[in-house]
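What follows is a single structure, written as structure tokens, with notes after it.
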Amino acid sequence: MSYSKDFLKALEVGRPPNIVKLFPNSKALIVSGKVIDRAMIAKGNAIAIAANVRNSFVIRGTLMAAQRANAAVILEIAKSEGGAKAYCAVNYWNMAALIDQVCNELGITVPVAIHADHYGIQNDKDLATAKTEIPTMFEAGITSIAIDASHLTDDRNLLASIELNPLVPKWAGLETEVGEIKGKEGLSTPEEALFLIQGLNAHDIFPDWIALNNGTTHGIEESDAGIQVDLTAKIHQAIEKYKVSGAQHGTSGNSSERLRQIAQKTRTTKANVATALQMISWGLEVNDYGNAQMDANKNFKKVKGAGVTEEMWEEMVKYATEKSLKAGDYKKLNLPFENKLCGLPAEVRARMAKGVEDFVYNMVVNVLNSKDTAPLGIDAILKANSYDLGPKASRMEDPKEWTKEKIAEKARAFVKVQDGKDHSD
């Protein structure tokens, strides 16, 4: 295979140290998440698909789609999916090796970031574990991470993010989060986001993305409201000078038109897609919202001749029934069935990946507007002549105003203001 001069130069200078160490002879352009964000910004109104790679067929199909669309791409796994208590065979520690292998096999030449999504911190025990666990993830090839302490109060969210930041390489992509993602209640506010971003800025922490609770619901059930585009735009405007892009979570349950609005009206450059890709790889019927369709008996509709074999699907459904798994828990089939799916005939495995490829290609080209962003990512690497693109912003906040004590003080006043505020608009 022949490679362009720019690609070979980007390969030489653009791969982070952990990737070079792990895969010294690789031709896979695995890069920092910063590269993907910058590529989307360069194109404008473009969002990179961040595919949750719950199985190996999603990895393969997403990479095939990205190559076909000439698009920079993010492959990710969340802590629940691929952490220490994983329900998927793909995890934080093997994901890079799997991705590198497929990239080399297929001759993938687009920039690919490997993102540890929703690395959740819910208590002091999680915080202590993170101090050991996060370095091991980067040792295993992660190039981008979301430190998600959004289940905590605003001050503890900020303090946890500050405490863990030294564990994240300066070159790596960084996502932060405000407002636990739970959909129907407690939407994020501009004030919350500004508090978090200002506090991080004071400590020389410059996130590439911020994720919000902006009305999404995770899973396969369609939300009546869905993503609140105007709220998202308002929050992004409030933090505009800090140059933080948006990360959109929970896209399943939102129409293509809603996602196009996010691309056009907000500063979002990353959109997570999980459930839909899993279902498509299995051969289930999925609508425009990314929701798997059900028949009159509330059973998933399996498309004959698509995804896994009919016999394998019957076995998966039987297992789910025996384990009393509800529709939203079918994700827990990933771990026990990955090896069985890898043992299916070549033509079946090919159509599983092809289903994912076609869905992702349509999202990239016709919804998220990230077609032809691969050269823009390569340009960003060549311009920096480095794997480290540096921060988009500089420090604007006074560190003396954001000590641990003052953060707690600001948070107390902040909560009082929020409690006495009319949130109707």
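The values are calculated or read from the model by the stated rules, or taken from the named source; none is laboratory data. Predicted model, so just to flag it, every value in this text is computed and none were measured. Cβ sites come from the backbone with ideal geometry, for glycine too, and all protein chains shown count toward neighbours.
Across the stretch 167-200, which residue is surrounded by the most Cβ atoms within 10 Å (Cβ to Cβ) among those that are basic (Lys, Arg) and modelled with pLDDT under 95? Result: LYS182. If you go through the stretch 229-257 and keep only what is out of contact with any His (no Cβ under 7 Å at 6 or more places or on another chain), within 17 Å of ALA50 (Cβ to Cβ) and either modelled with pLDDT of 90 or more or of a type in the set (S, T, N, Q) (or both), you end up with THR232, VAL244, SER245, ALA247, GLN248, THR251, SER252, ASN254, SER256. Quick check: anything in the stretch 120-131 under 26 Å from GLY377 (Cβ atoms) and buried (at least 17 other Cβ atoms within 10 Å of the Cβ)? Looking for residues that are under 26 Å from GLY377 (Cβ atoms) and buried (at least 17 other Cβ atoms within 10 Å of the Cβ), one finds none in the stretch 120-131, hence no.
For the stretch 74-123, a residue qualifies if it is in a strand (DSSP E or B) and either in contact with a Phe, Trp or Tyr (Cβ under 6 Å, 6 or more places away or on another chain) or of a type in the set (Asp, Glu) (or both), and the qualifying residues are GLU76, ALA116, ASP117.
Scanning the stretch 360-407 for residues that are part of a helix (DSSP H, G or I) and β-branched (Val, Ile, Thr) returns VAL360, VAL364, VAL365, VAL367, ILE378, ILE381, ILE407. Summed over the stretch 143-166, residues that are assigned to a loop (DSSP other than H, G, I, E, B) and surrounded by 22 or more Cβ atoms within 10 Å (Cβ to Cβ) total 3. Out of contact with any Lys or Arg (no Cβ under 8 Å at 6 or more places or on another chain), surrounded by fewer than 20 Cβ atoms within 10 Å (Cβ to Cβ), under 30 Å from PRO207 (Cβ atoms) and at pLDDT 95 or above, is that true of LYS265? Criteria met by LYS265.
Checking ALA346, ALA320, ALA274, ALA292 one by one, the residue that is closer than 27 Å to ILE74 by Cα, modelled with pLDDT of 95 or more and among the hydrophobic types (A, V, I, L, M, F, W, C) is ALA346 and no other. When the test is whether a residue is part of a loop (DSSP other than H, G, I, E, B), surrounded by fewer than 22 Cβ atoms within 10 Å (Cβ to Cβ) and under 20 Å from the mean Cα position of the chain (by Cα), ALA71 does not pass it.
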